[in-house]
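Below is one structure, written out as C-alpha cells; the observations come after it.
Bear in mind these aren't lab numbers, they're just calculated from the coordinates by the rules spelled out. Note that the structure is predicted; figures quoted are calculated from it, not measured. All Cβ positions, glycine included, derive from the backbone under ideal geometry; neighbour counts span all protein chains shown.
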Amino acid sequence: MGYCFSDLTAACQDDWRAYIEHDFVRALGDGTLDQGAFRHYLQQDYLFLIHFARAYALAAYKSRTLADLRQAHEGLRAILDVELGLHVDYCRDWGIAETDLAALPEARATLAYTRYVLDTGHRGDLLDLHVALAPCLVGYGEIAGWLKAQPFTVRGGANPYDAWIAMYESDDFQAAMGAELEWLDARLAEVTPRRFNELVEVFRYATRLEIDFWQMGLDRAD
C-alpha cells in the first residue's frame, strides 16, 4: 500500500496543527489581528510570491514529462499573470504602493523559507520540491477551510481580513489545491518507506518555516 499526502501531515501532526491553527491565523479569523502586523505580513508575502514563481521555474527545469512541464508552466503563469497582480491590488487597498513593495528588504523568516524551498529543489528531485512547497499551497487552502468551520470566525464587513479568507476558500484556489494534492498522492503512492521518511523531513522543516513566517508577521520582525 502506497503513501499519500495525509500521511505526511499525520507524520508531522504537531507542527501541522501549530501552523494551521497559529495565533496569526486565529486573529485573522476573529478580526483582532493588529493591522500593522498584517501589513508586514502582506509585504513579505509579496516577496515570497516572487520566489514561489522561481520555484515553479525550477520545477519546469526538473520536469521529466510533458505533463509535469505543463503543470509547472501553469503554476508559473498563474503567479506571474494573476496572483502577483491580485496581491499588488490587495496591498494597495491596505495603503501599500507597488513602488514600496519593490524596495522591500526580505525579513529573515522570508529568506529562510524561500531559500530552503529553492535549495531543496536544486539538490533534490521534482517531488522534493513539491513537498517543500506543499505547506504553502495546500496549507493556505486548509487554513481557509479550518477558519470557515470555526465558531469564532467573523465574516463580512465586521472583519477587515474577510477578503483574505475568501481568497483562499475560493473555487479557483481550492481547485489548484486539489490538483496539487492529486499530483502529490500519485507520486507518493510509488515511494519506498525510506524515501517517504526523507520526504517527511522536508515537509516537517518547510512547515516549521511556515510557522516562523506567521510569527514574523505577528511580531513584525525583520
Quick one: helix 66-78 against the long Cα principal axis of the chain, what's the angle to the nearest 10°, folded into 0 to 90? 10
Mind pulling the angle between the C-alpha long axis of helix 35-62 and the longest principal axis of the chain? Nearest 10 degrees, somewhere in 0 to 90. 20
Once label points are set 7 Å from the Cα along Cα→Cβ at both residue 61 and residue 7, what is their separation, rounded to one decimal in nm? 3.0
In what sequence do 69, 58 fall when counting other Cβ within 10 Å, fewest first? 69, 58
Candidates per trypsin sites (Lys or Arg not before Pro) in the range 135-193, loop by DSSP, up to 15 other Cβ within 10 Å: 155
Sites matching GluC sites (Glu not before Pro) across the range 121-215 that sit in DSSP coil, with at most 13 neighbouring C-beta atoms within 10 Å: 190
Just from the alpha-carbon atoms, what are the Rg and Dmax of the chain in angstroms? 17.0, 52
Extension length gain for residue 158 and residue 98 (0.36 nm per residue less Cα distance), in nm, is 18.9 nm
How much FRET efficiency would the formula 1/(1 + (r/R0)^6) give for residue 77 and residue 123, where r is the Cβ-Cβ distance and R0 is 25 Å, rounded to 0.05? 0.45
Qualifying trypsin sites (Lys or Arg not before Pro) for the range 1-67 [loop in DSSP, other Cβ within 10 Å: at most 15]: 64
Over the range 5-219, calculate the relative contact order: mean separation of alpha carbon pairs under 8 Å at least 6 apart, over the residue count, as a percent. 38
